[in-house]
1. Take the conditions in contact with a helix residue (DSSP H, G or I) (Cβ under 8 Å, 6 or more places away or on another chain) and free of Cβ contacts under 8 Å to residues at least 60 places away in the same chain and apply them to VAL160. Does it pass?
2. Which condition number in (1) over 21 Å from the mean Cα position of the chain (by Cα); (2) on the phi < 0 side of the Ramachandran plot is the one that VAL33 fails?
3. Across the range 227-243, what is the total count of residues that are touching a residue at least 12 places away in the same chain (Cβ under 8 Å) and assigned to a loop (DSSP other than H, G, I, E, B)?
4. Is it the case, given these coordinates, that GLY264 is under 30 Å from ILE188 (Cα atoms), crowded, with 23+ Cβ neighbours inside 10 Å and at pLDDT 95 or above?
5. Could you please find all residues in the range 20-41 being modelled with pLDDT of 75 or more and exposed (fewer than 11 other Cβ atoms within 10 Å of the Cβ)?
6. Only one of these is surrounded by fewer than 21 Cβ atoms within 10 Å (Cβ to Cβ), in contact with a Leu (Cβ under 6 Å, 6 or more places away or on another chain) and among the hydrophobic types (A, V, I, L, M, F, W, C): LEU281, LEU242. Name it.
7. Could you tell me whether LEU291 is under 24 Å from LEU225 (Cα atoms) and either surrounded by fewer than 22 Cβ atoms within 10 Å (Cβ to Cβ) or in contact with a Leu (Cβ under 9 Å, 6 or more places away or on another chain) (or both)?
Amino acid sequence: MNAPMPPPVTFRESRSNALLIGGLALLVAILIVASAATGYARLEIGTAVSDWLAGRASLAVMVLVDLRIPRALLGALVGFSLGLTGAVMQGYLRNPLADPGILGISSAAALGAVVVFYGGLAGTVGLALPLGGITGAALAALGINLLAARGAGTLGLVLVGVALSSLAGALTALALNLAPNPYAALEIVFWLMGSLADRSMEHVWLCLPLMMLGWLMMASCARALDALSLGEDTATSLGFDLISVRLRVVTGAALAVGSGVAVGGAIGFVGLVVPHLIRPLVGQRPGASLLPSGLAGAALVLAADISVRLLPVRPELKLGVVTALVGAPFLIWLLFHMRSGR
């Protein structure tokens, strides 16, 4: 008896997906420009760009190139990583409540950065903070991959992720409790809230290669995710190596999300909310939701980052706080929606 295959994609679905991707890409481009134009001081983008192209080192060029553009690019990169990883995790685990932090990689990356804070390296070495976060994510991914290579199932991975997240959270709380002075503890807490302020192009170049490699690894699992929607036995019968899929999912998530946490802190709920908004638009196909979810995640983070600069609150709200204010009510609605069975 032949295993059931996922239904083929029709021309109408392909055209609809292309329009969705094109529309989201255009929205992200508009929001990047809007982010570069938004700040506490008025900035004429046209003048700044013309001065930049003419090679004039004006104040407007310095603000645009050194502050606004890196922040806008990081918003798009971090949001894309969170949205894409959330879609992959929900498709791989077949759980609508899965998010990029379910494997504990985000917590491990945050712990790595906190260790750098606690050791005093953040103030002496320029990129010590993001490098610490990337190291924490890499160590977590190594441990999870060792488990995946031994054939652990999805339940085993989730349990390991919960344990890893709890351990990283406990060690982070311990670092806060033993902080040498209250100012160090306050700085750690603010960083954990998530923010893209005061980032530079060095942060962009540090995280971009790692994120792109993670994106490619997760995107290579798109067909396997469609097959997994029919069950692990069916996916295996269709020729997919589930151990290889696990390794690519875990490693890709570690590279993408770990890099994002390393440069932007903890920004929650994006990877949970975005796939739910996208999946009905792509016929509930996990594989087809990956790219649109990444673009929608980029749009959501950019919009949230623009809003924290427009709100009349000084100092500005942390980006992670704003995304949580959006994501938490959505999670409550989702739980009631699932409970009602509608």
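1. yes
2. (1)
3. Residues in the range 227-243 being touching a residue at least 12 places away in the same chain (Cβ under 8 Å) and assigned to a loop (DSSP other than H, G, I, E, B): 4 in total.
4. Considered against the rule, which asks whether it is under 30 Å from ILE188 (Cα atoms), crowded, with 23+ Cβ neighbours inside 10 Å and at pLDDT 95 or above, GLY264 comes out as no.
5. Passing the criteria: only TYR40.
6. The unique qualifying residue is LEU281.
7. So LEU291 passes the test.
For (1) assigned to a helix (DSSP H, G or I); (2) in contact with a helix residue (DSSP H, G or I) (Cβ under 7 Å, 6 or more places away or on another chain); (3) not aliphatic (A, V, I, L, M), each residue gets a yes or a no:
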residue: ALA266; (1), (2), (3): no, yes, no
residue: ARG279; (1), (2), (3): yes, yes, yes
residue: SER293; (1), (2), (3): yes, yes, yes
residue: GLY297; (1), (2), (3): yes, yes, yes
residue: ARG309; (1), (2), (3): yes, no, yes
residue: GLU316; (1), (2), (3): no, yes, yes
residue: LEU325; (1), (2), (3): yes, no, no
residue: LEU331; (1), (2), (3): yes, yes, no
residue: HIS337; (1), (2), (3): yes, no, yes
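The values are calculated or read from the model by the stated rules, or taken from the named source; none is laboratory data. Note that this is a predicted model, so its numbers are computed, not measured. Because the Cβ atoms are built from the backbone with ideal geometry, glycine has one as well, and the counts that use them run over all protein chains shown.
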